[in-house]
Structure formats: C-alpha cells, structure tokens
Amino acid sequence: MAGGKGTRLWPSSRQQKPKQFIDYFSAGETLLQSTYRRFSKFIDKDNIIVVSNEHYRDLVMEQLPELAQRNLLLEPMRRNTVPSVTWAAFEICNRCTDATIVVSPADQLITNEDKFAQDISRGLDYVAGSGRLLTVGISPTRAETAYGYIQMCDSMAEDIYKVKSFTEKPEMEFARLFVENKEFLWNTGIFISGARSFLETVHGAAVYYTDMMDYIQANYDYGKAYHEFVEKAFSMCPTLSLERGILEKADNVDVMVGHFGWADIGTWDALYDVMPKTGEHNVIASGRAILYDCKDCLVKLPEERVAVVQGLEDYVIAEEDNVLVICKKDDQGAIRKFVNDVQINIGDDYV
C-alpha cells in the first residue's frame with residue numbers, strides 16, 4: 001500500500017511527493033523501495049502488487065522500474081485501505097484462486113529483515129487453507145499515541161492469539177495502561193490472509209460493503225483493471241481503515257507477535273526515535289545545523305541549507321521547497337491543523 005499523503009510529516013512529505021517516495025535515512029533508497037526490496041527477498045517479484053494513487057503512477061514506476069505494469073493498481077480516489085486491499089485481493093484471486101496474501105504499508109522501518117521474512121513466512125503458512133485472518137503486532141516498548149494497538153486473548157498457536165479488540169491511536173493515559181497490561185501489541189498494519197477468505201469476510205462484514213462487493217464481482221474484467229467500474233466501486237465504499245471497517249467486525253481474526261525491529265515512519269516523533277542522536281539528544285536528519293542550548297530536537301533541511309537554532313527543546317525544524325515549519329515535535333494534531341490552515345489560507349502549492 002503506497003497511496004497515502006503522509007500529512008503528519010509535512011512539509012517534508014507533500015501531496016506531490018509523499019513520504020513513501022522519500023529517502024529519510026540517507027540509505028540510497030526510499031521507503032517504498034526498501035519495502036519492495038524487503039519482500040522480494042522471499043516473495044517472487046511477479047507476485048508483488050503495489051497499490052497507489054493514480055497521481056503517483058510516474059513516481060512508482062520511476063522508483064520501481066522493474067515492476068510489471070499489471071502489478072501496479074492505481075486508486076481513482078482515496079477511501080482508506082478497505083477498497084485498496086479488496087481490489088488487490090480480487091486481482092490476485094483472478095491469477096490464483098488459492099493464493100495467500102500479505103498486505104503491508106510502504107512506510108515502515110524494519111531493522112531485522114531476516115526475522116521479518118521468517119515471521120511473515122510463518123504467518124502465510126498459518127493462514128493457508130484455514131479461513132483465519134492474521135494481523136501482526138509488536139510488543140510495545142513505550143507508551144505511544146501515534147500507533148494503533150491490538151489486544152490479545154486466547155492462544156491459537158505459538159506466538160499467535162485470537163484478537164480481542166483494536167484501538168486506534170489512543171490518548172496517552174490509555175497508551176500507558178496498554179503497555180502495563182501486557183495484553184496489548186502495537187499494530188504494524190501488516191495483515192495476512194487467504195485472498196478468498198479475505199473477500200468472503202469483506203462481503204459478510206457489514207451491509208455497507210455489500211453493494212461494492214456485488215458490483216465488483218459482477219463487473220470485474222481481469223486484465224482491464226483501470227476501467228470506469230473501478231472508480232464506481234471505490235465510490236461505493238465508505239472511508240474506513242481495514243481494522244475499523246473489516247477486522248473489528250469479523251470473528252476469525254488472530255494476531256501474531258512479530259520478532260523483528262519495527263517502526264511506523266508516520267510522524268516527526270517516530271522519525272526522531274529511530275535516528276542517531278547527538279550528546280544533547282538532537283537529530284540532524286539532513287542539511288547542516290548548529291544548535292545552542294537545544295535538547296530533543298529534530299532538524300531536517302535541504303542539503304544546501306544551514307540553520308542556527310537556540311533555546312529549543314522537543315521541537316522540529318523542517319524545511320522543504322517553499323515551506324519552513326518550526327513546531328513541537330510530539331504534537332501530531334498540530335501538523336494536520338497547520339496543513340489544513342495553509343491549504344485554506346495560502347494555497348495548494350504549499351501542501
């Protein structure tokens with residue numbers, strides 16, 4: 001899944017080039033490229049499908065020139081993850097009716113790729129022919145309000161449990177309780193299932209998907225995935241995440257505890273957490289900066305820029321093209337407000 005706007009990393013992540021197409025770690029590859037490479041280590045490239053927005057066709061093909069055209073599905077509009085995954089599952093079922101699928105966001109950092117391959121492969125084996133839907137969670141190391149949480153209950157297999165509940169981005173009070181409780185995992189957004197089992201679950205999950213599913217099943221024409229029916233199908237779907245729209249309503253959902261290092265690169269705070277720090281716990285992600293009496297700050301500038309900063313603690317100083325932002329690092333809601341206010345009052349060219 002590579003179609004999001006990455007608003008919470010504005011101004012680095014912009015509508016024309018969001019975070020999945022950016023190299024945040026100076027590693028020589030973008031988040032999308034690293035995700036594709038990671039999966040191609042143990043999954044045939046012919047079986048890797050990228051779902052993105054139609055506005056990003058050129059960016060995807062520029063960054064993944066080896067991607068077959070039939071393996072790029074372009075969303076006609078943003079309706080969150082339910083129609084995106086449903087469309088991909090239909091496409092996969094047309095190629096192999098017994099396929100198992102793994103769904104992954106393209107904006108994650110995985111620090112142990114061997115363990116990742118082992119865990120995902122085990123998850124694929126677990127769901128094959130079982131009718132179960134499997135999410136992947138990570139044991140939390142801190143109270144984090146930018147992540148979703150999965151509550152475990154009955155054991156199904158080693159490190160696999162039945163899901164009791166999902167919680168999206170809780171307040172800090174609840175995040176602390178979740179970490180102390182030991183029944184909760186961070187939700188990685190990685191999801192594993194039989195393709196047909198997933199489609200059957202979507203069809204039965206809620207009445208507001210019935211029209212979409214019936215329409216796609218009646219009109220889907222393999223090999224002609226960009227016809228008008230795709231736009232009509234998307235328009236029938238409410239804007240809901242996979243968790244809220246499907247998994248919370250299903251009774252066949254399990255969670256596997258992952259053993260690979262993981263971070264969702266969705267916020268400035270999350271990016272700060274995974275990057276090397278100076279002695280004063282500051283991060284210079286790009287550009288050059290001299291910091292005086294600063295602590296716990298993150299600076300990301302164009303390479304040719306120089307910043308001199310004094311007296312800030314827990315701030316982001318980020319510049320990209322025509323926008324400079326200086327704000328509290330851990331205030332995720334503020335970034336969304338900034339983007340909205342700039343778009344309304346100044347214009348689309350700045351978001």
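The values are calculated or read from the model by the stated rules, or taken from the named source; none is laboratory data. Predicted, not measured: the structure shown is a model, and the values here were computed from it. Note: ideal-geometry Cβ built from the backbone for every residue, glycine included; neighbour counts use all protein chains shown.
For region 300-309, the criterion of being within 14 Å of residue 9 (Cβ to Cβ) and surrounded by 14 or more Cβ atoms within 10 Å (Cβ to Cβ) is satisfied by at least one residue. Search region 95-125 for residues being of a type in the set (Val, Ile, Thr) and assigned to a loop (DSSP other than H, G, I, E, B), and hand back the single one that is nearest to residue 186 (Cα to Cα). Looking at residues that are of a type in the set (Val, Ile, Thr) and assigned to a loop (DSSP other than H, G, I, E, B), I get 111.
Could you tell me whether region 150-164 includes any residue that is small (Gly, Ala, Ser) and surrounded by 15 or more Cβ atoms within 10 Å (Cβ to Cβ)? Lay out the reasoning, then the answer.
Filtering region 150-164 down to residues small (Gly, Ala, Ser) leaves 155, 157.
Adding the requirement that they be surrounded by 15 or more Cβ atoms within 10 Å (Cβ to Cβ) leaves none.
No, that holds for no residue.
Here the strands (runs of 3 or more DSSP E) wholly within region 236-351 that include at least 3 residues being touching a residue at least 24 places away in the same chain (Cβ under 8 Å) and closer than 22 Å to residue 147 by Cα are 253-257, 262-264. Can you tell me which residue within region 166-180, out of those that are loosely packed, with under 13 Cβ neighbours inside 10 Å and in contact (Cβ under 8 Å) with a residue 24 or more places away in the chain, is nearest to residue 260 (Cα to Cα)? My answer is 168.
Contact map, region 17-46: residues that are under 29 Å from residue 320 (Cβ atoms) paired with residues that are of a type in the set (Ser, Thr, Tyr), Cβ distance under 6 Å, separation 6+ or inter-chain. Pairs shown: 19/13; 21/30; 22/30; 23/30. A single member of 28, 4 is under 21 Å from residue 75 (Cβ atoms) and either out of contact with any Phe, Trp or Tyr (no Cβ under 8 Å at 6 or more places or on another chain) or in a helix (DSSP H, G or I) (or both), and it is 4. Take residue 66 and tell me if it is on the phi < 0 side of the Ramachandran plot, within 18 Å of the chain's Cα centre (by Cα) and free of Cβ contacts under 8 Å to residues at least 24 places away in the same chain. Considered against the rule, which asks whether it is on the phi < 0 side of the Ramachandran plot, within 18 Å of the chain's Cα centre (by Cα) and free of Cβ contacts under 8 Å to residues at least 24 places away in the same chain, residue 66 comes out as no. Counting residues in region 195-217 that are at pLDDT 95 or above and part of a strand (DSSP E or B) gives zero.
Look through 244, 196 and report the one residue that is of a type in the set (Lys, Arg), farther than 22 Å from residue 130 by Cβ and out of contact with any strand residue (DSSP E or B) (no Cβ under 6 Å at 6 or more places or on another chain). Before the answer, list the steps.
Values: 196 fails: farther than 22 Å from residue 130 by Cβ.
Only one candidate qualifies: 244.
Conditions (1) hydroxyl-bearing (Ser, Thr, Tyr); (2) at pLDDT below 95, marked per residue:
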residue: 19; (1), (2): no, no
residue: 30; (1), (2): yes, no
residue: 38; (1), (2): no, no
residue: 56; (1), (2): yes, no
residue: 69; (1), (2): no, yes
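Each residue in region 126-158 was checked for being in a loop (DSSP other than H, G, I, E, B) and over 23 Å from the mean Cα position of the chain (by Cα), and 5 pass. Among the residues of region 70-107, those identified as β-branched (Val, Ile, Thr) and crowded, with 17+ Cβ neighbours inside 10 Å are 81, 82, 85, 86, 92, 100, 101, 102, 103.
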